[in-house]
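K.L.:
Please find one structure pasted underneath; my questions will follow.
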Amino acid sequence: MDPTRANVLAVHDFLTETLVAANDAGGGFRYAVALFPRPGRFDALVFGIVTRGGESTTLTYRLLQSLMEQTVWISGRVGATIRDAKAFGPPRATPTGLLDQPVLHLTFTCAMGPQPDDTERTMPFESTVFAGELRAPILLLLQRRPDGWPG
């Protein structure tokens, strides 16, 4: 997916519709972002982001760090935490030299249940997503804007 103006506008519109629908259902979300594949160096696909404010940039490890501090809701329906998938196993600190590098793959740990309180009664589901495998945007809704993220 090339981050052309038309694609960014389509993702932005889809993001806005999803945010409105989730809030109509009582979600109370104040921030929304779409993850999508975009060409990085040497045309290798990395994660790009589009905010509801219409800003488009590359997801870097610096941005990811503040996103990992809070629960995100995938399409406003599934609660999840996100971390980098540089190494499988327990999360580890990102070396300072990598902070401004683009993120290539992410691990989502999803907690599912019919009610938010039910997540403690079910086994979390973990999935690793590589930027080059995305065929459609992943929409993330949050209660607040992560530190350092564009509006």
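K.L.:
For region 9-18, enumerate the residues that are within 20 Å of Ile74 (Cβ to Cβ) and surrounded by fewer than 19 Cβ atoms within 10 Å (Cβ to Cβ).
P.N.:
Across region 9-18, the qualifying residues are Ala10, Asp13, Phe14, Thr16, Glu17.
K.L.:
Mind checking whether some residue in region 19-33 is under 23 Å from Thr109 (Cβ atoms), open to solvent by less than 70 Å² (accessible area, probe 1.4 Å), hydrophobic (A, V, I, L, M, F, W, C) and part of a strand (DSSP E or B)?
P.N.:
Checked against the condition, which is being under 23 Å from Thr109 (Cβ atoms), open to solvent by less than 70 Å² (accessible area, probe 1.4 Å), hydrophobic (A, V, I, L, M, F, W, C) and part of a strand (DSSP E or B), region 19-33 yields at least one hit.
K.L.:
Ok, one more. When region 136-151 is examined, which residues are found to be part of a loop (DSSP other than H, G, I, E, B) and at negative phi? Quick ask: steps written out before the conclusion?
P.N.:
Step one: of region 136-151, the residues part of a loop (DSSP other than H, G, I, E, B) are 136-137, 143-151.
Scanning region 136-151 gives Ala136, Pro137, Gln143, Arg144, Arg145, Pro146, Asp147, Trp149, Pro150, Gly151.
K.L.:
Suppose the filter is within 17 Å of Ala131 (Cα to Cα), surrounded by 15 or more Cβ atoms within 10 Å (Cβ to Cβ) and modelled with pLDDT of 85 or more; does Leu45 pass it? Explain how you work it out, then say what you get.
P.N.:
Numbers: within 17 Å of Ala131 (Cα to Cα): yes; surrounded by 15 or more Cβ atoms within 10 Å (Cβ to Cβ): yes; modelled with pLDDT of 85 or more: yes.
Taking the combined requirement at face value, the residue satisfies it.
K.L.:
Failed condition for Glu133, given (1) loosely packed, with under 13 Cβ neighbours inside 10 Å; (2) modelled with pLDDT under 90; (3) not hydroxyl-bearing (Ser, Thr, Tyr), with all others met?
P.N.:
(2)
K.L.:
Please determine, by comparing only the residues of region 62-110 that are among the basic types (Lys, Arg) and open to solvent by less than 70 Å² (accessible area, probe 1.4 Å), which one is modelled with the highest pLDDT.
P.N.:
First, pick out the residues of region 62-110 that are among the basic types (Lys, Arg): 62, 77, 83, 86, 92.
Next cut, open to solvent by less than 70 Å² (accessible area, probe 1.4 Å) only: 83, 86.
Numbers: Arg83: 88, Lys86: 67.
Across region 62-110, the extreme among qualifying residues is Arg83.
The values are calculated or read from the model by the stated rules, or taken from the named source; none is laboratory data. Quick caveat: nothing in here was measured; it's all calculated off a predicted structure. Cβ sites come from the backbone with ideal geometry, for glycine too, and all protein chains shown count toward neighbours. Note: accessible area is taken over every heavy atom of the protein model, side chains too, but ligands, DNA and RNA are not part of it. Shrake-Rupley method; radii C 1.70, N 1.55, O 1.52, S 1.80 Å.
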